[in-house]
1. For region 73-82, which residues satisfy the criterion of being open to solvent by 40 Å² or more (accessible area, probe 1.4 Å) and either in contact with a Phe, Trp or Tyr (Cβ under 9 Å, 6 or more places away or on another chain) or farther than 24 Å from SER24 by Cβ (or both)?
2. Does region 16-26 contain any residue that is without any contact (Cβ under 8 Å) to a residue 40 or more places away in the chain, part of a strand (DSSP E or B) and hydrophobic (A, V, I, L, M, F, W, C)?
3. For the condition without any contact (Cβ under 8 Å) to a residue 40 or more places away in the chain and either assigned to a strand (DSSP E or B) or of a type in the set (Lys, Arg) (or both), what is the one hit in SER49, SER54, SER69, SER82?
4. What are the residues in region 51-72 that are aliphatic (A, V, I, L, M), more than 26 Å from ALA11 (Cα to Cα) and surrounded by 14 or more Cβ atoms within 10 Å (Cβ to Cβ), if any?
5. In region 63-93, which residue that is over 18 Å from PHE52 (Cβ atoms) and of a type in the set (A, V, I, L, M, F, W, C) is farthest from the chain's Cα centre (by Cα)?
6. Answer with yes or no whether LEU72 is over 21 Å from ILE90 (Cα atoms) and at pLDDT 95 or above.
7. I'd like the full set of residues that are among the small types (Gly, Ala, Ser) and loosely packed, with under 14 Cβ neighbours inside 10 Å, limited to region 2-40.
8. Under the condition of being assigned to a helix (DSSP H, G or I) and among the β-branched types (Val, Ile, Thr), which residue from region 27-46 is nearest to ASP75 (Cα to Cα)?
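The values are calculated or read from the model by the stated rules, or taken from the named source; none is laboratory data. Quantities reported herein were computed from a predicted structural model and do not represent experimental measurements. All Cβ positions, glycine included, derive from the backbone under ideal geometry; neighbour counts span all protein chains shown. The accessibility values were calculated without ligands, DNA or RNA, using every heavy atom of the protein model including side chains. Shrake-Rupley method; radii C 1.70, N 1.55, O 1.52, S 1.80 Å.
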Amino acid sequence: MSEEEKARLDALRKQLDAEHQWPSMYMFKFVLPNDETKIKQLHEIFGESAEFRSRLSKKGNYTSFTIRSVMLNADQIFDLYSKASRIEGIISL
């Protein structure tokens with residue numbers, strides 16, 4: 001990880017810590033190609049305790065997800081975004 005990336009994560013961590021009292025409910029948003037394998041991967045990353053809401057795009061090519069889950073700290077959020085980013089074609093919002 002570059003120094004620039006570390007500085008960016010530190011700034012985000014400070015902002016999250018200022019806005020949240022841990023543990024806290026956090027909302028993630030993603031868009032995925034409408035592919036069952038990729039959707040299953042996303043569910044596996046967040047586990048059964050997370051609340052998933054999904055919506056199919058107008059043409060049916062993509063599915064958007066809103067995921068709510070209790071996070072213990074900012075680093076846990078970064079970890080989940082990092083794991084999700086390994087899914088091919090995912091867009092994090």
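1. ASN73, GLN76, TYR81
2. no
3. Details: SER49 fails: either assigned to a strand (DSSP E or B) or of a type in the set (Lys, Arg) (or both); SER69 fails: without any contact (Cβ under 8 Å) to a residue 40 or more places away in the chain; SER82 fails: either assigned to a strand (DSSP E or B) or of a type in the set (Lys, Arg) (or both).
Checking each option against the conditions leaves just SER54.
4. Keep residues of region 51-72 that are aliphatic (A, V, I, L, M), which gives 56, 67, 70-72.
Of the ones still in play, those that are also more than 26 Å from ALA11 (Cα to Cα) are 56.
Once the filter is applied, which keeps residues that are aliphatic (A, V, I, L, M), more than 26 Å from ALA11 (Cα to Cα) and surrounded by 14 or more Cβ atoms within 10 Å (Cβ to Cβ), region 51-72 yields nothing.
5. Checking each candidate, the answer is LEU72.
6. yes
7. Initially, region 2-40 is screened for residues among the small types (Gly, Ala, Ser), giving 2, 7, 11, 18, 24.
Listed by number, the residues that qualify are SER2, ALA7, ALA11, ALA18.
8. First, the residues of region 27-46 that are assigned to a helix (DSSP H, G or I): 36-46.
Filter again for among the β-branched types (Val, Ile, Thr), leaving 37, 39, 45.
Numbers: THR37: 27, ILE39: 23, ILE45: 15 Å.
Per the stated criteria, the residue is ILE45.
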